[in-house]
Amino acid sequence: MDKRKSENEWKRHAVQGLWALLTNSYLMGFAQGKIYRGKLKNLCVPGLNCYSCPGAVGACPIGALQAVIGNWNFKFAFYVAGFLMFVGALMGRFVCGWLCPFGLIQDLLHKIPFPGKINTFKGDNLLRKLKYVIFFVFVILLPMFLVDILGQGAPYFCKLICPAGTLEGGIPLVLLNESMRSALGWLYAWKNVLLLVTIFLSVLIYRPFCKYICPLGAVYSIFNPISIFHYRVDKNACIDCGLCAKACKMQVDPVKNANHPECIRCGACKKACPVKAIR
Amino acid sequence: MRLFRRSSPCGICAAILGLAMMGYGIFRGEMPVVLEKAINICMECIGIG
């Protein structure tokens, strides 16, 4: 059973890896320390993928959302909000489980053996609400209202919080460009500290960024219960063995709620079910 | 097709609404703002700006 579960997980990682490679396929950028400047960047990718990553060929939806909201000309982003609504309504947090490069990084980090891994803790459920606060404050309100003299708002989530931007964009670009190295300051140091904390916590806790911080996960989670692609539990077939809940690293019990906002649709519960009651 | 028949009507409506919002956003010229941001190195994102 464990071998089958592990095989299934590596299959998912292969899909995640392929998707990450596809959406970061401008390999020349890594060699030259530049980013892709083509028209594909009109389009958003579904996962959290910094558009300042040298390989990125699409736009990060959270960065794009802040860019349009913070623009003096618009103040609401119908294009990006519509994209998030469409993707969310189609597959919910399936994106988190299968199509997010930063999710893959956290998945792999959690495989590092370490004593005292934490499944859950007191206040875990409450802390999971933090991502909604981060979404409303740093992605919507601050770029909308905290503006400069021209009425332009900064992407505050990217600027102050996002460790994906540091890992995928900041570190490679700074390593490859001497001019950028001379411009480093406290913000770069702060973002690297956040990245290191995220990396350390990812070894201890399964996907801490997705559970507590990610504004993209917060948006998709709202659509999880109504998304077109969803899980169903055949209550007649279910034998209430509890193996599915035990297999879930996001601490969801599929029998109670198969489309819980925290479910990233990794498929671990489906594989764990001995009577194939989850479809 | 079976997947759509079993889907929540709210999900289908939200997907359609999402597409309509995307269309409206493109119509009112939001895409160039996204492109402009995405093709230039985002100093804030990488922790310099």
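Please give the helices (runs of 4 or more DSSP H) falling wholly within region A:1-84 in which 2 or more residues are basic (Lys, Arg) and either at the interface with another protein chain (Cβ under 10 Å from one of its Cβ atoms) or touching a residue at least 12 places away in the same chain (Cβ under 8 Å) (or both). Step through it out loud before you land on a result.
Working: elements: A:2-23, A:27-32, A:61-69.
Helices (runs of 4 or more DSSP H) meeting the threshold: A:2-23.
Taking region A:159-173 as the search range and keeping residues that are at the interface with another protein chain (Cβ under 7 Å from one of its Cβ atoms) and more than 13 Å from the chain's Cα centre (by Cα), which one is nearest to residue A:32 (Cα to Cα)? Before the answer, list the steps.
Start the filter on region A:159-173 by keeping residues that are at the interface with another protein chain (Cβ under 7 Å from one of its Cβ atoms), which leaves A:159, A:162, A:165-166, A:169-170, A:173.
So of that shortlist, the ones also more than 13 Å from the chain's Cα centre (by Cα) come out as A:159, A:166, A:169-170, A:173.
Numbers: A:159: 24, A:166: 18, A:169: 13, A:170: 14, A:173: 9 Å.
This residue is A:173.
Exactly one condition in (1) at positive phi; (2) buried (at least 18 other Cβ atoms within 10 Å of the Cβ) is false for residue A:161; which is it?
In the conditions (1) at positive phi; (2) buried (at least 18 other Cβ atoms within 10 Å of the Cβ), residue A:161 misses (1) alone.
Residue pairs, Cβ under 7 Å, 6 or more apart or interchain, first in region A:185-196 and free of Cβ contacts under 8 Å to residues at least 24 places away in the same chain, second buried (at least 17 other Cβ atoms within 10 Å of the Cβ) and β-branched (Val, Ile, Thr). List them.
Every condition considered, the pairs that remain are A:188/B:48.
Somewhere in region A:88-107, is a residue more than 15 Å from the chain's Cα centre (by Cα), assigned by TED's automatic domain parsing to the domain that holds residue A:216 and not in a loop (DSSP other than H, G, I, E, B)? If you could, list the steps in order and put the result at the bottom.
First pass over region A:88-107, keeping only residues more than 15 Å from the chain's Cα centre (by Cα): A:89-90.
Still in the running and assigned by TED's automatic domain parsing to the domain that holds residue A:216: A:89-90.
Now narrow it down to the ones that are not in a loop (DSSP other than H, G, I, E, B): A:89-90.
There is at least one residue in region A:88-107 that is more than 15 Å from the chain's Cα centre (by Cα), assigned by TED's automatic domain parsing to the domain that holds residue A:216 and not in a loop (DSSP other than H, G, I, E, B).
Do any helices (runs of 4 or more DSSP H) lying entirely in region B:5-46 carry at least 1 residues that are closer than 15 Å to residue A:37 by Cβ and facing chain A (nearest Cβ under 7 Å), and which ones are they?
So the answer is B:31-39.
The values are calculated or read from the model by the stated rules, or taken from the named source; none is laboratory data. Please read all numbers here as calculations on a predicted model, not as lab measurements. Virtual Cβ from ideal backbone geometry, glycine too; neighbours counted across all protein chains shown.
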